1. Using 7 Å Cα-to-Cβ label points, what is the Lys77/Glu219 separation (nm, one decimal)?
2. Within a Cβ distance under 9 Å of Thr205, other residues only, what is the Lys/Arg minus Asp/Glu net charge?
3. Which of the peptides 197-209, 41-53, 8-20 is most tightly packed, and how do the rest follow, going by the mean number of other Cβ atoms within 10 Å of each residue?
4. Could you list, in their original order, any pairs among Lys82/Lys187; Lys84/Lys172; Lys161/Lys196; Lys84/Lys218; Lys21/Lys187; Lys196/Lys240 whose Cα atoms are separated by more than 32 Å?
5. Once the convex hull of the alpha carbons of segment 2-93 is built, what does its volume come to per residue, in cubic angstrom?
6. Sort segment 129-216 into rounded, prolate or oblate with this rule: let a ≥ b ≥ c be the square roots of the eigenvalues of the Cα gyration tensor; rounded if a/c is under 1.5, and if a/c is not under 1.5, prolate when a/b is larger than b/c, oblate otherwise.
7. Could you work out the relative contact order of segment 129-216? I mean the mean sequence separation of Cα pairs under 8 Å and 6+ apart, divided by the number of residues, in percent.
8. Report the calculated FRET efficiency for Ser70 and Trp237 (r = Cβ-Cβ distance, R0 = 45 Å), to the nearest 0.05.
Amino acid sequence: MEYKLFWVYILDKCDHAGIYKHSNILEKCCLSQSVTWEKALEFLGDRVEFVSGNKYFIPNFIDFQYGKLSEDCRPHKMVISKLKKEKLFQRVSKGYPKGIQRDKDQDKEQEQDKDKDKEQEQNKDTNNQNKDLLINIPNIHKDIVSDLNFVVGTNFKHTSKKTREHINARLKEGYTLEDFKIVHRKKANEWQYDNKFVKYLRPNTLYGTNFESYLNQKEVRTLTKAQQATAESYRRWKEKVENEPENI
């Protein structure tokens with residue numbers, strides 16, 4: 001459970017290009033003294049790759065956060081610049097051969113798109129506004145559920161009828177893909193390391209009628225007593241250092 005929390009921590013702390021700077025001190029202060037980077041790497045597998053020094057790259061980050069990068073897009077320029085600096089741009093622009101079968105995934109996506117088109121044809125009595133919304137946002141169900149799977153480490157299917165119904169209801173209310181991503185990360189931070197609530201990290205719960213309250217809640221992170229003690233020790237040490245007079 002601690003290493004699932006570690007994965008959420010890395011996603012939260014990586015920079016805009018998906019590069020995470022490993023720090024034993026900060027990780028132990030924020031997570032747990034029992035967490036080790038070596039075991040974390042074993043748990044994470046292909047989800048992180050070594051870059052240099054203490055830097056590690058999250059291969060899926062760019063794809064999920066930005067899609068295909070373009071140098072003509074202003075928000076992408078800073079990301080591309082950082083990737084080039086770390087010699088990762090070619091790696092990203094050519095796809096993700098390590099651990100990810102892109103060609104097979106694309107074929108599967110095309111098949112799923114065909115299935116979605118057939119479903120839309122069959123549901124001619126669906127509300128016109130809702131139908132236009134679905135047509136104008138291609139692959140929205142797949143993008144939402146894929147992001148949940150990416151953050152939580154699950155394998156939910158975006159083709160589930162109930163999941164699509166919940167997503168459609170939220171889209172009709174005006175929520176966007178970014179809103180879903182925020183809910184995924186907030187609830188993962190709160191529930192992923194709680195044995196009682198981790199089972200609720202699923203589409204039927206997250207995308208239901210409580211979606212708005214999940215989206216607008218403040219960040220919650222419940223620490224164990226050991227983690228609280230570590231954080232308190234760090235706070236006192238930092239306070240002591242800051243208050244000590246400088247040596248002349």
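1. 2.9 nm
2. +3
3. 8-20, 197-209, 41-53
4. Lys84/Lys172; Lys84/Lys218; Lys196/Lys240
5. 92 Å³
6. prolate
7. Over segment 129-216, the number comes to 31 percent.
8. Calculated transfer efficiency: 0.45.
Where a number appears in this text, it was derived from the coordinates with a stated rule and is not lab data. Computed from a predicted model, the values in this text were never measured in an experiment. Glycine gets a Cβ as well: all are built from the backbone with ideal geometry, and neighbour counts include every protein chain shown.
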